[in-house]
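J.: Got a structure for you, questions after.
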Amino acid sequence: MTGRRSVETPIDDTFSKYLTDKGKGDVGEQGAYRTDAERELRRFHRWCLGQTADPANASPPESWAGVVDGDTVRFEDLDTTVFSDYARYLSTSGYAAGTVLTYYAHIASWCGWSHAQGYIPRHYARESDAEDPLPENDGRRPGDQQSWEPIHRDLITQFVDRRVSEAFDALGAIDVPQAEHGDPESEIWQTKQRARFDAYQRCREQALVYVVAYTGLRGSEFLSAPKEDREGRNGIRWRDVSFADSSVTVFRKGREWKEASLPEPVITPLRRYAEVLDVPKSWPVFTTLHRPSLASHVTEGLAECGLDDDAIERIRGAVPDLVVAAEHDLTAPKPLTTEGARSIMDRLWNHESLVERRDELDLTLDGNYLELHGGRRGVGEVLVRQFGYAAAARYLDNSEEQVREAYQHIEAAERADMATEAFSQTDQRVNDR
């Protein structure tokens, strides 16, 4: 038997009606919540059909076959286990805990609506077994999450600036005789190349810090996010960067390629980083420096160019692998991952000299290091205070509702000041305090 409210109804047949009920406007076709909910329902539907890799429920991840054999998911195919598996999938996809809970909440809301409409006998998504794989809600208020403050930006940028300056001073101090330029047997040439690579490393750190501190980009938008099986999540390339337009093309959260801004403080570090090592436009802006990966990449690349083992060993012995890859026009090395970037930020923030400076200032931080998303939140904090929620939402590629929720502590403080001012006009007791 079939019918509008039958368990045999395809689940995607109900998406439009649910979204209309939740949307804004005369016919329910507007609103950020509707947009976000539709995105998550489509993600859930693709997962149910086995159209996405799932490392949590299948090994290898690409073998995930979904919850049905055919190309239609019906309400009768859903149960607590399905939602439990989906919660596990979201929880292991590399998202922050709050993001996982938000994404799952959209699916749970639709499930509750489906139960109320009579499509399913129970609200499966909110049963305890279904929610077990979800991360804990730490109970923090939005304003309690890490957010870089001006002092954090100042300290970390000054630190990486100094390291870059020192690296270039060391590079410039090495004078290679003209006759020894390019000579793999020359010790002074080898020393120069190692110093060049050190300068590249310092510039890479500096560029990473400035991008995190001032652009507001999500880590997965400019770095490699290997746990996200989506197009555009393998790091930005130099061809995506436009210094002329102060912009970079990134694959946004809504699965669209969009131009993101590169504020003036970011331009100089990025440009210097691009110049220290001349690499093809197809290369990732932030490359991995994982030694085993680079060693394998360069060895295989040089062999494909026709070099024998002795020649490869001679070249690699004289010049760092990344420099070899650039100078021999090898294919692009792997991009830096979000996890690798976190390790860099941890290492920088907890560097001995920076720790000493932090102790002098008696500086506190929510967390053990400056987190990638803390940089994004810091950008949002500045923009909300300076230009308001709508402008901040456009810059951060979020809905205004999401930004208001994330930075509601700012609005709460403003309302408190407003109320205090109002009462000061009517209550003498307020003025006496």
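J.: Taking R0 as 35 Å, what FRET efficiency do you get between Val355 and Ser293 from their Cβ-Cβ distance, rounded to the nearest 0.05? Kindly include the intermediate steps, with their values, before the conclusion.
T.: Details: r = 30 Å, r/R0 = 0.85.
Step by step, r from the Cβ atoms, then E = 0.75.
J.: Just to check I understand the Karplus step: with θ = phi - 60° and J = 6.51 cos²θ - 1.76 cosθ + 1.60, what whole-Hz values come out for the range 53-67, glycine and proline as x?
T.: 5, 9, x, 7, 10, 8, 9, x, x, 5, 7, 4, 9, x, 10
J.: To the nearest 10 degrees, how steeply does helix 291-304 sit against the main Cα axis of the chain, on a 0 to 90 scale?
T.: Approximately 70 degrees, to the nearest 10.
J.: Continuing with the same structure: If contacts are Cα pairs under 8 angstrom and at least 6 residues apart, what is the relative contact order of the range 280-398 in percent?
T.: On the way: 67 pairs, mean separation 29.3, N = 119.
For the range 280-398, the relative contact order is 25 percent.
J.: Would you kindly compute the Cα radius of gyration of the range 163-210 and its largest Cα-Cα separation (Dmax), both in Å?
T.: Rg and Dmax of the range 163-210, Cα atoms, are 12.2, 39 Å.
J.: How big is the range 11-139 by Rg and Dmax over its Cα atoms, in Å?
T.: 14.4, 47
J.: Now, a different point. Just add up the charged neighbours of Pro177: K/R +1, D/E -1, any other residue whose Cβ is under 15 Å from the Cβ of Pro177. All intermediate terms of the calculation are to be shown ahead of the outcome.
T.: Values: positive: Lys192; negative: Asp175, Glu180, Asp183, Glu185, Glu187.
Taking every other residue near Pro177 into account, the sum is -4.
J.: Can you give the helix-only mean residue ellipticity at 222 nm for the chain, where every DSSP H stretch with n ≥ 4 adds -39500 (n - 2.57) and the sum goes over all residues, rounded to the nearest 500 deg cm²/dmol? Working shown, then result.
T.: Working: 19 runs with 236 residues, N = 433.
One gets -17000 deg cm²/dmol as the mean residue ellipticity at 222 nm.
J.: Using label points projected 7 Å from each Cα along Cα→Cβ, tell me how many nm separate Ala311 and Ala65, to one decimal.
T.: Distance between the two pseudo-spin positions: 5.0 nm.
J.: Lys and Arg at +1, Asp and Glu at -1: add these up for the other residues within a Cβ distance under 15 Å of Ser261 and post the number. Walk me through the numbers on the way to the answer.
T.: Numbers: positive: Arg218, Arg252, Lys258, Arg376, Arg394; negative: Glu221, Asp240, Asp245, Glu259, Glu264, Asp397.
Net charge around Ser261: -1.
J.: Oh, and also: Got a sec? Charge dipole of the range 11-139, +1 on Cβ for Lys and Arg, -1 for Asp and Glu; which of His45, Pro121, Thr35 is way out at the positive end?
T.: Sorting the options by dipole projection puts first Thr35.
J.: Okay, moving on. Measure up Lys253/Lys281; Lys192/Lys281; Lys192/Lys258 against 31 Å on the Cα-Cα distance and list the ones that go over. Let's see the in-between values first.
T.: Numbers: Lys253/Lys281 24 Å; Lys192/Lys281 25 Å; Lys192/Lys258 40 Å.
From the list (Lys253/Lys281; Lys192/Lys281; Lys192/Lys258), the Cα-Cα distance tops 31 Å for Lys192/Lys258.
J.: Search the structure for amide H atoms under 5 Å from the amide H of Arg237, placed 1.01 Å from N in the peptide plane, and list their residues when 5 or more places away or on another chain.
T.: For Arg237, the qualifying residues are Val285.
J.: Taking every pair of distinct Cα atoms and averaging 1/r, then inverting, what Kirkwood hydrodynamic radius in Å comes out for the range 210-363? Mind showing how you got there, number by number?
T.: Numbers: mean 1/r = 0.0577 Å⁻¹.
Result for the range 210-363, one decimal place: 17.3 Å.
J.: Relative contact order for the chain using alpha-carbon pairs under 8 Å, separation at least 6, rounded to a whole percent? Provide the component values of the computation, followed by the final result.
T.: Values: 547 pairs, mean separation 61.9, N = 433.
Worked out over the chain, it gives 14 percent.
J.: If you don't mind, there's one more thing I want to ask. Just to confirm the number: angle between the C-alpha axis of helix 97-117 and the first principal axis of the chain, 0 to 90 degrees, nearest 10?
T.: For helix 97-117, the angle is close to 20 degrees.
J.: Around Asp329, with a cut-off of 15 angstrom between Cβ atoms, what is the net charge of the other residues, counting Lys and Arg +1 and Asp and Glu -1? Mind showing how you got there, number by number?
T.: Numbers: positive: Lys281; negative: Asp278, Glu300, Glu304, Asp321, Glu327.
Spelling it out: positives minus negatives among the neighbours equals -4.
J.: Across the range 181-191, in residue order, what do the Karplus-derived ³J(HN,Hα) couplings come to in whole Hz, using 6.51 cos²θ - 1.76 cosθ + 1.60 with θ = phi - 60° and x for Gly and Pro?
T.: Per residue, the Karplus-derived 3J(HN,Hα) values read 4, x, 7, x, 8, 7, 5, 5, 5, 4, 4 Hz.
J.: Please list 3J(HN,Hα) in residue order for the range 36-45, calculated via the Karplus relation 6.51 cos²θ - 1.76 cosθ + 1.60 where θ = phi - 60°; whole Hz, with x for glycine and proline.
T.: Each residue of the range 36-45 in turn: 5, 5, 5, 4, 6, 5, 5, 4, 4, 5 Hz.
J.: Now for a different question. Taking the 0 to 90 degree range and rounding to the nearest ten, how far is the long axis of helix 264-276 tilted relative to the main principal axis of the chain, both from C-alpha atoms?
T.: Tilt relative to the chain: about 40 degrees.
Bear in mind these aren't lab numbers, they're just calculated from the coordinates by the rules spelled out. Just so it is clear, the structure is predicted and the values come from calculations on it, not from any experiment. Cβ atoms come from the backbone with ideal geometry, glycine included; neighbour counts cover every protein chain shown.
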